[in-house]
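Engineer: Would you mind keeping the following structure in view while I ask a few things?
Readers should treat all values here as calculations from the given coordinates under stated rules, not as data from a laboratory. Keep in mind that this is a model prediction, so the values were computed, not measured. Glycine also receives a Cβ, built like all others from the backbone with ideal geometry; neighbour counts cover every protein chain displayed.
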2 protein chains.
Amino acid sequence: MKYREKLRNSGLRPTKQRIQICEVLFDTDKTFHFTINELEQKIKKKTNTKISLATVYNTVHAFEKKGYLKQIPINSNQTYFDTNVSDHHHFYDLKEEKLIDLENADVGPINIKRKIDGKKIKSVEILVRLES
Amino acid sequence: MKYREKLRNSGLRPTKQRIQICEVLFDTDKTFHFTINELEQKIKKKTNTKISLATVYNTVHAFEKKGYLKQIPINSNQTYFDTNVSDHHHFYDLKEEKLIDLENADVGPINIKRKIDGKKIKSVEILVRLES
DNA sequence: ATGTAGTTTATAATGATTCTAAATAAAGTG
DNA sequence: CACTTTATTTAGAATCATTATAAACTACAT
């Protein structure tokens, strides 16, 4: 199984739960955005097994730390994650409360001219809020 | 008092609490970022009176709706607000958990090339995460 | 097989935010 | 001014996402 390797190589034990979560997250061409609750629903539907909510949180955070998931900075009561970890930005449709990917080509290069001593830029994220 | 007018003109009754909160937020040259809890502390210090937490929430949301405050999109367990409502961006220092203003000139023009039918761009915000 | 270190789990705890309903205060009316 | 109406404040309760806890379980090395 492909995910066993991937997990082991990241120093994460390939448990049944982690492999199932991998399948839900990564067995698809399209990347997608999700909240923890949405992910829990997907897992239930796809695998017909119940993974503890705590495990879902743990796993998502572990995957984020390893760079397999990204948090999307947005003001919402729930945290949004993205399976698309490439450098890219987002539209946020305020009415639908839906995120839409913006490819880097849709935005053009961004040049942050100011530097802060002793600090490195880790990420640059644009959120474009949309209204109707 | 200047804030009485401002409030009345926005359709908000100029109550003692709202005026005090205005003083804490706007009686300063520098704009600043805050969470609700930080604001509550500031109010206590500056006015020596206690305003109910619920009122602080209500007022901040009312002011946001009127455009006197902006929410800053960031992943944190607390919501950050900004008294600087002009178009600008932010550094977020991950270690210090501190926001730093980025002037528009520090970033250069941003051109969102993609359009979504029937939607207008309401805001474009960049978050630059900093690590040490 | 056996030990150990990492994981999972149900449940409890935390903490920011929102809700509720009663008390209070501002504005409007005669 | 009285008096009514309507908005606002308030303490405390409720909600809800997330994190902590600690016991049971499991992958893996020896």
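Engineer: Can you tell me which residue in the stretch B:1-10 is farthest from the other protein chains (Cβ to nearest Cβ), limited to those that are surrounded by fewer than 13 Cβ atoms within 10 Å (Cβ to Cβ) and more than 10 Å from DNA strand C (Cβ to nearest atom)?
Structural biologist: The extreme case among them is B:MET1.
Engineer: While we're looking at this one, here's another question. So, in the stretch B:77-91, of the ones that are in a strand (DSSP E or B) and more than 16 Å from DNA strand C (Cβ to nearest atom), which residue ends up farthest from B:GLU103 (Cα to Cα)?
Structural biologist: It comes out as B:PHE91.
Engineer: I'd like to know if the stretch B:94-102 contains one or more residues that are touching a Phe, Trp or Tyr at 6+ places or on another chain (Cβ under 8 Å) and either within 16 Å of DNA strand D (Cβ to nearest atom) or among the basic types (Lys, Arg) (or both).
Structural biologist: Within the stretch B:94-102, one or more residues are touching a Phe, Trp or Tyr at 6+ places or on another chain (Cβ under 8 Å) and either within 16 Å of DNA strand D (Cβ to nearest atom) or among the basic types (Lys, Arg) (or both).
Engineer: Can you tell me which residue among B:LYS50, B:LYS66, B:LYS16 is surrounded by fewer than 17 Cβ atoms within 10 Å (Cβ to Cβ), more than 30 Å from A:ARG114 (Cα to Cα), under 17 Å from the mean Cα position of the chain (by Cα) and within 13 Å of DNA strand D (Cβ to nearest atom)?
Structural biologist: B:LYS66
Engineer: Restricting to the stretch A:80-90, name every residue that is within 13 Å of chain B (Cβ to nearest Cβ) and surrounded by fewer than 18 Cβ atoms within 10 Å (Cβ to Cβ).
Structural biologist: Passing the criteria: only A:ASP87.
Engineer: I'd like to verify a number: residues in the stretch A:91-100 that are surrounded by 17 or more Cβ atoms within 10 Å (Cβ to Cβ) and more than 10 Å from chain B (Cβ to nearest Cβ), how many?
Structural biologist: 1
Engineer: Taking only pairs six or more apart or across chains, which ones have beta-carbon atoms under 6 Å, a first residue in the stretch A:11-35 that is within 13 Å of A:LYS46 (Cα to Cα), and a second residue that is more than 16 Å from DNA strand D (Cβ to nearest atom) and not in a loop (DSSP other than H, G, I, E, B)?
Structural biologist: Between residues of the stretch A:11-35 that are within 13 Å of A:LYS46 (Cα to Cα) and residues that are more than 16 Å from DNA strand D (Cβ to nearest atom) and not in a loop (DSSP other than H, G, I, E, B), the close pairs are A:VAL24/A:LYS46.
Engineer: What pairs can you find where one residue is in the stretch A:107-120 and at the interface with another protein chain (Cβ under 7 Å from one of its Cβ atoms), the other is surrounded by 14 or more Cβ atoms within 10 Å (Cβ to Cβ) and aromatic (Phe, Trp, Tyr), and their Cβ atoms are less than 7 Å apart, with a gap of 6+ or different chains?
Structural biologist: Filtered contacts from the stretch A:107-120: A:ILE116/B:PHE91.
Engineer: Examine the stretch A:110-117 for a residue that is in contact with a Leu (Cβ under 7 Å, 6 or more places away or on another chain), among the β-branched types (Val, Ile, Thr) and not in a strand (DSSP E or B), and state whether such a residue exists.
Structural biologist: yes
Engineer: For the subset of the stretch B:13-52 comprising residues that are touching a strand residue (DSSP E or B) at 6+ places or on another chain (Cβ under 7 Å) and within 14 Å of another protein chain (Cβ to nearest Cβ), which member is nearest to DNA strand C (Cβ to nearest atom)?
Structural biologist: B:THR35
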